[in-house]
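Asker: Please see the structure below; I have some questions.
The values are calculated or read from the model by the stated rules, or taken from the named source; none is laboratory data. Remember, predicted model here, so these are calculated numbers, not experimental data. Glycine gets a Cβ as well: all are built from the backbone with ideal geometry, and neighbour counts include every protein chain shown. Accessible surface is based on the protein model in full, side chains and every heavy atom, while ligands, DNA and RNA are left aside. Shrake-Rupley method; radii C 1.70, N 1.55, O 1.52, S 1.80 Å.
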Amino acid sequence: MASFYVENFGCRAAQADGAAIEQQFRELGLDRSNSAHQAAIVVLNTCTVTASADQDARSAVRRVRRENPDCQIVVTGCYAQRAPKEIAALAGISLVVGNSHKHRLAKLALGESVRRSVSGSPLITISSLHDSASRLFVSDIFAHTEFLAAPVFDAANERTRPNLKVQDGCDNRCSFCVIPYVRGQSRSLRMHAALREVTVLVNSGYREVVISGINLGRWGRDLTPDATGVVPRFEHLVRAILNETSLEKLRISSVEPMDWSDELISMIADSPRIAKHAHVPMQSGSDRVLRLMHRKYRPWHYREKIEKIHAAMPTAAIGADVMTGFPGETDADFEETRRMIDDLPLTYLHVFTYSPRPGTPAAAIRDQVPVQIARERTKILRELGEEKKLAFMRSLIAKQLEAITLNSSRGDEADFTQALTDNFLKLRLSGRHEANRWIRVCVEQIQGGSLVGVAAEDS
């Protein structure tokens, strides 16, 4: 029987897409291979958020072709949607499938006989390049209405914390971001479908579910109003999960600053069933740079949201995405960002160096920051982020936290179990504990970048 292998790159949304692609192949009778070099069909589900992401995809193509020269290489995802001909020109590519056709990928990969059986509108095919035998299936992403997702499980966590994508696409037009052009308009998984997926996961024994999306806080805005004329909002989805499922813990992934409503903050603060964790993209602390980025908030708006979250949940993890080296960013702009981060009760940072994306407005700005300067700024903020994370961890010593067990390991001196706290910190729990259990933990110390603790009943 033919086998397949899917290798995912990039964000949680891409991981969810990859899981759905795996389902497509299984439904057609194929077996999943344990590695790319053993599979008959290798799918590379790419990212294109930075130039290095594109390079990672090209390197993967070369690696797969070298290790498994007889396999069919299918490239899909955001890079495939943005630059299909560029990918098709690479040696060894059999098929390029943009996000516009990802929901039919398995049938496309399996050939004409299967493709004729696909129901619905006909595929829009871009003709092959003169110098390539590759087939391309890419069309206007803004005409794309399909919602592709399946729960994602982190193998390292022994399938304890499934991630469920409930929203895709983005209607914002940040000047640096290519994502709307490769994922299309904002689309939401319907309420009943989201609740059904969560219920299935709960019934399968999972105790924490992470909900995610490209622009998660915009969930529901594209859906039909209810009988009273109310348009669904993200808060409605969160409340419905609490009211209509028995999920023990809901974790919310990244939500844009303008979508952190007082209602959402209060709901998270008041419910023991929602993880005390807020990821709030920042990008810059400079008003001038935020305007150049076409971000929809100002520094004082961002500060207000972070301070409200911290006041409502003093022990919550509060993280931010920050970009350095945006075109035109001066030393003074960067210092505004550094000072704002230093002042705010942030507990961790994801710091990225700006990378121009073809076709975005920012790529056309002449005042590009030299790469070396941008990287130095990135280094400064990453070091600041580590300092803030360490300070946050130290503040939790001798406190009790909830943590979900992931897997057991044998340490150098004693047995311990890897766990993740409710407020998003790695924890080494003394003793061997069954995976997928919420345990009250007393934090004793910090070791190797992780909290170390014992079960509260043992302390």
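Asker: Of the residues Ala391, Ala374, Ala435, which single one is among the aliphatic types (A, V, I, L, M) and closer than 20 Å to Val210 by Cα? Steps first, please.
Answerer: Working: Ala391 fails: closer than 20 Å to Val210 by Cα; Ala374 fails: closer than 20 Å to Val210 by Cα.
The match here is Ala435.
Asker: Just one of (1) within 21 Å of Cys170 (Cβ to Cβ); (2) modelled with pLDDT of 95 or more; (3) in a loop (DSSP other than H, G, I, E, B) trips up Lys305, so point out which.
Answerer: (3)
Asker: Looking at region 263-286, I want the residues that are touching a residue at least 60 places away in the same chain (Cβ under 8 Å) and have a partner that is surrounded by fewer than 18 Cβ atoms within 10 Å (Cβ to Cβ) and part of a loop (DSSP other than H, G, I, E, B) with Cβ atoms under 7 Å, at least 6 apart or on another chain. Which pairs are those?
Answerer: Lys276/Thr315
Asker: Every residue in region 256-286 that is more than 26 Å from Ser246 (Cβ to Cβ), hydroxyl-bearing (Ser, Thr, Tyr) and over 21 Å from the mean Cα position of the chain (by Cα), please.
Answerer: Here is the first cut: in region 256-286, the ones more than 26 Å from Ser246 (Cβ to Cβ) are 256-260, 262, 280-286.
With the extra rule that they be hydroxyl-bearing (Ser, Thr, Tyr), the set shrinks to 284, 286.
Result: Ser286, single match.
Asker: While we're on this one: Any residue in region 403-422 that is of a type in the set (D, E, K, R), under 30 Å from Met323 (Cβ atoms), touching a residue at least 24 places away in the same chain (Cβ under 8 Å) and surrounded by 18 or more Cβ atoms within 10 Å (Cβ to Cβ)? Spell out the reasoning first.
Answerer: Filtering region 403-422 down to residues of a type in the set (D, E, K, R) leaves 410, 412-413, 415, 422.
Filter again for under 30 Å from Met323 (Cβ atoms), leaving 422.
Those left that are additionally touching a residue at least 24 places away in the same chain (Cβ under 8 Å): 422.
Remaining after also requiring surrounded by 18 or more Cβ atoms within 10 Å (Cβ to Cβ): 422.
Checked region 403-422: at least one residue is of a type in the set (D, E, K, R), under 30 Å from Met323 (Cβ atoms), touching a residue at least 24 places away in the same chain (Cβ under 8 Å) and surrounded by 18 or more Cβ atoms within 10 Å (Cβ to Cβ).
Asker: Going by the structure shown, is Ile373 among the β-branched types (Val, Ile, Thr), surrounded by 14 or more Cβ atoms within 10 Å (Cβ to Cβ), over 28 Å from Lys276 (Cα atoms) and at pLDDT below 95? Quick ask: steps written out before the conclusion?
Answerer: Values: among the β-branched types (Val, Ile, Thr): yes; surrounded by 14 or more Cβ atoms within 10 Å (Cβ to Cβ): yes; over 28 Å from Lys276 (Cα atoms): yes; at pLDDT below 95: no.
In short, no.
Asker: Moving to a separate point now. Whether any residue in region 340-351 is more than 20 Å from Trp260 (Cβ to Cβ) and open to solvent by less than 60 Å² (accessible area, probe 1.4 Å) is what I want to check.
Answerer: Of region 340-351, the ones more than 20 Å from Trp260 (Cβ to Cβ) are 342, 351.
Then drop every residue that is not open to solvent by less than 60 Å² (accessible area, probe 1.4 Å), which leaves 351.
Taking every residue of region 340-351 in turn, at least one turns out to be more than 20 Å from Trp260 (Cβ to Cβ) and open to solvent by less than 60 Å² (accessible area, probe 1.4 Å).
Asker: Here's another thing I want to ask about it. Tell me, which helices (runs of 4 or more DSSP H) lie completely within region 1-117 with 1 or more residues that are closer than 27 Å to Glu197 by Cα and open to solvent by 50 Å² or more (accessible area, probe 1.4 Å)? Quick ask: steps written out before the conclusion?
Answerer: Values: elements: 12-27, 51-67, 78-82, 84-88, 105-109, 112-115.
Per the criteria, 12-27, 105-109.
Asker: Related question: List every residue pair whose Cβ atoms sit under 7 Å apart, with the two residues 6 or more apart in sequence or on different chains, where the first one lies in region 1-30 and is farther than 24 Å from Ser254 by Cβ and the second, anywhere, is of a type in the set (Ser, Thr, Tyr).
Answerer: Close Cβ pairs (under 7 Å, with a partner that is of a type in the set (Ser, Thr, Tyr)) amount to Ser3/Ser33; Phe4/Ser33; Tyr5/Ser33; Tyr5/Ser35; Leu30/Ser3.
Asker: Would you check if there is a residue in region 315-330 being modelled with pLDDT under 95 and among the charged types (D, E, K, R)?
Answerer: no
Asker: Determine if region 307-322 includes at least one residue that is under 18 Å from Gly385 (Cβ atoms) and touching a Lys or Arg at 6+ places or on another chain (Cβ under 6 Å). Spell out how you get there, then give the answer.
Answerer: Initially, region 307-322 is screened for residues under 18 Å from Gly385 (Cβ atoms), giving 309-310, 316-322.
Pick out the ones that are also touching a Lys or Arg at 6+ places or on another chain (Cβ under 6 Å) and you get 316.
Yes.
Asker: Modelled with pLDDT under 95 and either farther than 22 Å from Ser271 by Cα or touching a helix residue (DSSP H, G or I) at 6+ places or on another chain (Cβ under 7 Å) (or both), is that true of Leu425?
Answerer: Numbers: modelled with pLDDT under 95: no; either farther than 22 Å from Ser271 by Cα or touching a helix residue (DSSP H, G or I) at 6+ places or on another chain (Cβ under 7 Å) (or both): yes.
Against the criterion (modelled with pLDDT under 95 and either farther than 22 Å from Ser271 by Cα or touching a helix residue (DSSP H, G or I) at 6+ places or on another chain (Cβ under 7 Å) (or both)), Leu425 does not qualify.
Asker: Please go through region 222-238 and give me each residue that is within 12 Å of Arg190 (Cβ to Cβ) and polar (S, T, N, Q), ordered by number.
Answerer: Listed by number, the list holds a single entry, Thr224.
Asker: Return yes when Arg366 is open to solvent by 50 Å² or more (accessible area, probe 1.4 Å), assigned to a loop (DSSP other than H, G, I, E, B), out of contact with any Asp or Glu (no Cβ under 7 Å at 6 or more places or on another chain) and among the basic types (Lys, Arg) and no when it is not.
Answerer: Working: open to solvent by 50 Å² or more (accessible area, probe 1.4 Å): yes; assigned to a loop (DSSP other than H, G, I, E, B): yes; out of contact with any Asp or Glu (no Cβ under 7 Å at 6 or more places or on another chain): yes; among the basic types (Lys, Arg): yes.
So Arg366 fits the description; yes.
Asker: Being surrounded by fewer than 22 Cβ atoms within 10 Å (Cβ to Cβ), modelled with pLDDT of 95 or more, over 24 Å from Pro281 (Cα atoms) and of a type in the set (Ser, Thr, Tyr), is that true of even one residue in region 168-182?
Answerer: Looking for residues that are surrounded by fewer than 22 Cβ atoms within 10 Å (Cβ to Cβ), modelled with pLDDT of 95 or more, over 24 Å from Pro281 (Cα atoms) and of a type in the set (Ser, Thr, Tyr), one finds none in region 168-182, hence no.
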